[in-house]
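Asker: Below you will find the structure I want to go over with you.
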Amino acid sequence: MEPFVTHRGLLAPLDRANVDTDQIIPKQFLTSIRRTGFGEGLFFDWRYGRDGAPDPAFALNAPRYRGASLLVARNNFGCGSSREHAVWAVRQYGFRAVIAPAVERDGARVPAFADIFRGNAAKNGLLTVELSEAEVDEIFTLLAAHEGLEATVDLRERQVVVHAPEPRVYRFEIEDGVRAALLEGLDEIAATLRLESEIAAFEARHDAQFDPAAAPAGD
């Protein structure tokens, strides 16, 4: 997968909480046996009306957000079914990272991202950035005030810099193992293949240990 080190891009808002995978990529797009071509289906039921025309009320259809590569959403993004196609659609549309907040509701913590979506994202080179609710509120305010607002997401430094007239810097946490895999562009298969020589040596020792021909002859 493509490594993620730093990325500067246009920010786009999706001011909705609990965006589930059925909305990220509707079921009619799941019939393909390929892992490509899902970008066109991203948020399809929100992007287009029943007549097939783009809905001008949906933010991603606005000319000011054309070409955006950083998505800002609300809490619990990617909830619902576990379909990996949702991550493929987000990536293939052109987004490199999604920024969302964790929030506290009635004494309970609601995560920024559903666990399965977050895991699928890490395996496909999509960075999920969790900030506080106040920080994401501020980014939405800046997006409304400034057309063409860009940000730089720096995974090495674990920070997002929003390039407003007065730049804002937001720090985020990420698991060390996930961060290392994204920085090097390693999914689970690629990480395993890096140990190919060690695996081959182990298999050779295992085969020798249990090869009847190698056992001492009996009386």
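The values are calculated or read from the model by the stated rules, or taken from the named source; none is laboratory data. Bear in mind the structure is a predicted one, so any value in this text is a computation, not a measurement. As a convention, Cβ positions derive from the backbone with ideal geometry for all residues, glycine included, and neighbour counts pool all protein chains shown.
Asker: Of all residues in region 61-90, which are among the aliphatic types (A, V, I, L, M) and either in contact with a Lys or Arg (Cβ under 6 Å, 6 or more places away or on another chain) or surrounded by fewer than 16 Cβ atoms within 10 Å (Cβ to Cβ) (or both)?
Answerer: Hit for region 61-90 is Ala62, nothing else.
Asker: Return the pair list, or none, for Cβ contacts closer than 7 Å from residues in region 88-115 that are without any contact (Cβ under 8 Å) to a residue 12 or more places away in the chain to residues that are in a strand (DSSP E or B) and of a type in the set (D, E, K, R), at least 6 apart or on different chains.
Answerer: none
Asker: Just need a number here: residues in region 21-38 that are modelled with pLDDT of 95 or more and either surrounded by fewer than 16 Cβ atoms within 10 Å (Cβ to Cβ) or of a type in the set (Phe, Trp, Tyr) (or both).
Answerer: So the count comes out to 2.
Asker: Still on this structure, I have one more. Do we have Val90 as at pLDDT 95 or above and more than 30 Å from Ser32 (Cβ to Cβ) here?
Answerer: No; evaluated as a whole, the condition is false for this residue.
Asker: Sticking with this structure for a sec: Looking only at region 48-73, count how many residues are under 25 Å from Thr6 (Cβ atoms) and basic (Lys, Arg).
Answerer: Final tally of qualifying residues: 2.
Asker: Go through region 15-35 and give me each residue that's over 21 Å from Ala144 (Cβ atoms), in contact (Cβ under 8 Å) with a residue 40 or more places away in the chain, more than 16 Å from the chain's Cα centre (by Cα) and in a loop (DSSP other than H, G, I, E, B).
Answerer: Listed by number, the list holds a single entry, Leu30.
Asker: Given the conditions (1) over 16 Å from the mean Cα position of the chain (by Cα); (2) surrounded by 12 or more Cβ atoms within 10 Å (Cβ to Cβ); (3) under 14 Å from Tyr93 (Cβ atoms); (4) of a type in the set (Gly, Ala, Ser), and given that Ala12 satisfies all but one, which numbered condition is not satisfied?
Answerer: Unmet for Ala12, out of (1) over 16 Å from the mean Cα position of the chain (by Cα); (2) surrounded by 12 or more Cβ atoms within 10 Å (Cβ to Cβ); (3) under 14 Å from Tyr93 (Cβ atoms); (4) of a type in the set (Gly, Ala, Ser): (1).
Asker: Within region 137-160, can one find any residue that is of a type in the set (Lys, Arg) and surrounded by 15 or more Cβ atoms within 10 Å (Cβ to Cβ)?
Answerer: no
Asker: Restricting attention to region 44-54, which residues are surrounded by fewer than 15 Cβ atoms within 10 Å (Cβ to Cβ) and touching a Phe, Trp or Tyr at 6+ places or on another chain (Cβ under 7 Å)?
Answerer: Hit for region 44-54 is Pro54, nothing else.
Asker: Same structure again: Does any residue of region 46-59 turn out to be within 17 Å of the chain's Cα centre (by Cα) and not aliphatic (A, V, I, L, M)?
Answerer: Within region 46-59 (the criterion being within 17 Å of the chain's Cα centre (by Cα) and not aliphatic (A, V, I, L, M)), the answer is no, since none of the residues qualifies.
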